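The next block holds one structure in the form of structure tokens; read it before the comments.
The values are calculated or read from the model by the stated rules, or taken from the named source; none is laboratory data. Source: prediction; values computed, not measured. As a convention, Cβ positions derive from the backbone with ideal geometry for all residues, glycine included, and neighbour counts pool all protein chains shown. To get the accessible areas, we keep the full protein, side chains included, count just its heavy atoms, and leave off ligands, DNA and RNA. Shrake-Rupley method; radii C 1.70, N 1.55, O 1.52, S 1.80 Å.
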Amino acid sequence: MELWFTEEHTPNVRFTIKIDKHIHSEQSPFQRIDFFDSYEFGRFFALDGIVMLTEKDEFIYHEMIVHVPMAVNPNIKKVLVIGGGDGGTVRELTRYGTVESIEMVEIDQRVVECCREFLPLTSSKLDDPRVKLLFEDGIKYVSTKQNEYDLIIVDSTDPIGPGEGLFTEEFYKNCYNALNEEGILVNQHESVYYDNTTRLAVRTHKRIKKFFPIAKVYQAAIPTYGSGYWLFGFASKKYDPIKDFDDRAWNELGLDTKYYNTELHKGAFALPNYVIETFED
Ligand code: SAM
């Protein structure tokens, strides 16, 4: 018997992975959580049927969501991660000795517990002494903060279910207020290849631009996300991700990465024409 996991990327396109074993399934108070072992992508997990990460390509997403802002401002000390329950974003952040505190606000404690059990390498740094785990709604949490963080990373699910409020204008305004004068906001920004996510990405960008003087998007090729072409948002009060980027300083850190490098950093902001036009329209 053959087992296949299928995710609908659009009503007309499906992405299917051959499964070796379905190793865990549960309904948490927030979402359905499933873990699988696959032949091509290794172990992976899905929330409400949408792939969150696979062992084979998670390095791309986590390196790009962390190293881009860290390379723009090497003095980042205080970080807030919203979502990110698998721990991959925290793992990359803990590689910087300069980072003093990482608050991770994840709404679903079960995601963290399951990832500790089934994805020990991705979640390996959640016990770093600089990390504080909070199991609550990131939307409410950020609204209580003023002028506190150097960096906020929104490592969220898509804007359905508990992640919906992480794409609203009010949320971005609260992020702006929670950041200090030098603050940077990075978020997973959906994709602009298929129409269904294009609308979300364009709306997200417009909302962020209302509050942040610098708001750009950058790209990465992530095979298991819709269309394989994914975007991140970079918004800041002060730093331009290219003009203020000191590639020498980052290279001197000697971090070993599998996807990110300082040439790719510049290229990630050089968008294809159809993407530029989509955002201009
Ligand atoms: N890399 C992933 C992707 O884009 O597919 C996202 C990974 S991470 C698992 C997303 C996390 O965001 C989930 O664990 C989910 O529980 C969490 N989340 C969703 N809404 C949230 C909210 N309002 N506050 C805090 N965490 C939230």
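Taking the conditions exactly as written (outside any strand (DSSP E or B), under 18 Å from the mean Cα position of the chain (by Cα) and within 15 Å of the ligand (Cβ to nearest atom)), does residue 51 satisfy them or not?
no
In this structure, does residue 9 turn out to be assigned by TED's automatic domain parsing to the domain that holds residue 267, more than 15 Å from residue 114 (Cβ to Cβ), touching a residue at least 40 places away in the same chain (Cβ under 8 Å) and surrounded by 13 or more Cβ atoms within 10 Å (Cβ to Cβ)? Walk me through it before giving the result.
On the way: assigned by TED's automatic domain parsing to the domain that holds residue 267: no; more than 15 Å from residue 114 (Cβ to Cβ): yes; touching a residue at least 40 places away in the same chain (Cβ under 8 Å): yes; surrounded by 13 or more Cβ atoms within 10 Å (Cβ to Cβ): yes.
When the stated conditions are applied, residue 9 does not pass them.
Among the residues of the stretch 30-40, count how many are more than 8 Å from the ligand (Cβ to nearest atom) and under 19 Å from the mean Cα position of the chain (by Cα).
Within the stretch 30-40, residues that are more than 8 Å from the ligand (Cβ to nearest atom) and under 19 Å from the mean Cα position of the chain (by Cα) number 1.
Give the stretch 238-263 a look and list any residue that's outside any loop (DSSP other than H, G, I, E, B), surrounded by fewer than 16 Cβ atoms within 10 Å (Cβ to Cβ) and of a type in the set (A, V, I, L, M, F, W, C), or say none.
The one that is outside any loop (DSSP other than H, G, I, E, B), surrounded by fewer than 16 Cβ atoms within 10 Å (Cβ to Cβ) and of a type in the set (A, V, I, L, M, F, W, C): 249.
Which of the residues belonging to the stretch 132-152 are away from the ligand (no atom under 11 Å from the Cβ) and open to solvent by less than 20 Å² (accessible area, probe 1.4 Å)?
The answer is 149, 151, 152.
Could you check residue 165 against (1) open to solvent by less than 30 Å² (accessible area, probe 1.4 Å); (2) outside any helix (DSSP H, G or I) and say which number it fails?
Here residue 165 meets the rest and fails (2).
Over 20 Å from residue 66 (Cα atoms) and free of Cβ contacts under 8 Å to residues at least 12 places away in the same chain: does that describe residue 164?
Yes; evaluated as a whole, the condition is true for this residue.
Given 104, 70, which one is open to solvent by less than 10 Å² (accessible area, probe 1.4 Å), within 29 Å of residue 169 (Cβ to Cβ), of a type in the set (A, V, I, L, M, F, W, C) and free of Cβ contacts under 8 Å to residues at least 40 places away in the same chain?
Within the list 104, 70, the selection yields 104.
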